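Participant: Mind looking over this structure? Questions follow.
Readers should treat all values here as calculations from the given coordinates under stated rules, not as data from a laboratory. Note that the structure is predicted; figures quoted are calculated from it, not measured. Positions of Cβ are backbone-derived with ideal geometry, glycine not excepted, and every protein chain shown enters the neighbour counts.
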Amino acid sequence: MDTTTALFYVFSAVLLLSAFRVITANSPVHSALFLVLSFFSASCIWMLLHAEFLAISLVLVYVGAVMVLFLFVVMMLDINIEVLKQGFWKHFPVAALVGVVIALEMAWVLQRGFNTSVVKPMEGPVGMPNTKLLGIELYTDYLYPLEIAAVLLLVAIISAIALTLRRRKDVRGQNPSEQVKAKKADRLRIVKMDAVREVASVPAAAPAADAAPKGKA
């Protein structure tokens, strides 16, 4: 067994263990941290497969952005994990069976990709980095699918914003079109006033009368 194979088994074991701990950890913060460990392990496996671009993208996009956002959201919401995990072990056998079926289906579909005699390697000059080869392949042979995927993602972003845009009566909002149409005369009015104004004199208060009458001698 060479070093690459040994590292592959080590990172794969860490990946499987951390993925299992994501769904079994008692704290949602610990689950998010185990998910970060899973992404790092998957990135190391991509590096062993000489896919440097995918490895660094996995670290930058998921670990550096998505998981940090998830971690902050989980810490701010203070989720009661005990309520969410009620009946977890009751349904765990069914979930494990579904997971095994999905893993077998993925293995059956992806096993063709591990056959080096079928996969056509990317052609390019000797010594050219893998990232540059991927960029050339992506923006030449797969340019139209890339543009279609970009348009679909843009439509999905606009749809998500439109679905979450709700008018609430208890929140004050701003109308940008009305703000642009505003003029100085509508917002500012100059009023001339005297610099000094006489203050009316206030009469002194009369002394209070005795509440109780004086007794006779």
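Participant: Answer rounded, prolate or oblate for the range 124-164, using the Cα gyration tensor with square roots of eigenvalues a ≥ b ≥ c: rounded when a/c is under 1.5, else prolate when a/b is larger than b/c, else oblate.
Facilitator: Here the range 124-164 falls in the prolate category.
Participant: Give me the extension gain from VAL61 to GLU137: residue separation times 0.36 nm, minus the current Cα-Cα distance, reported in nm with one decimal.
Facilitator: The VAL61-GLU137 span can extend by a further 25.2 nm.
Participant: Would you please state which residues of the range 12-41 a label at ALA103 would reach in this model, taking the label point 7 Å out along Cα→Cβ and a backbone N cut-off of under 18 Å?
Facilitator: Once the point is set 7 Å along Cα→Cβ of ALA103, 12-25, 35, 38-39, 41 turn out to lie under 18 Å by backbone N, inside the range 12-41.
Participant: Given a Förster distance of 41 Å, report the FRET efficiency between LEU163 and LEU188 from their Cβ-Cβ distance, rounded to the nearest 0.05.
Facilitator: FRET efficiency, LEU163 to LEU188: 0.55.
Participant: Can I ask one more? For the range 1-64 and the range 151-193, write down the distance between their C-alpha centroids in whole Å.
Facilitator: Taking the Cα centre of the range 151-193 as reference, the centre of the range 1-64 is 44 Å away.
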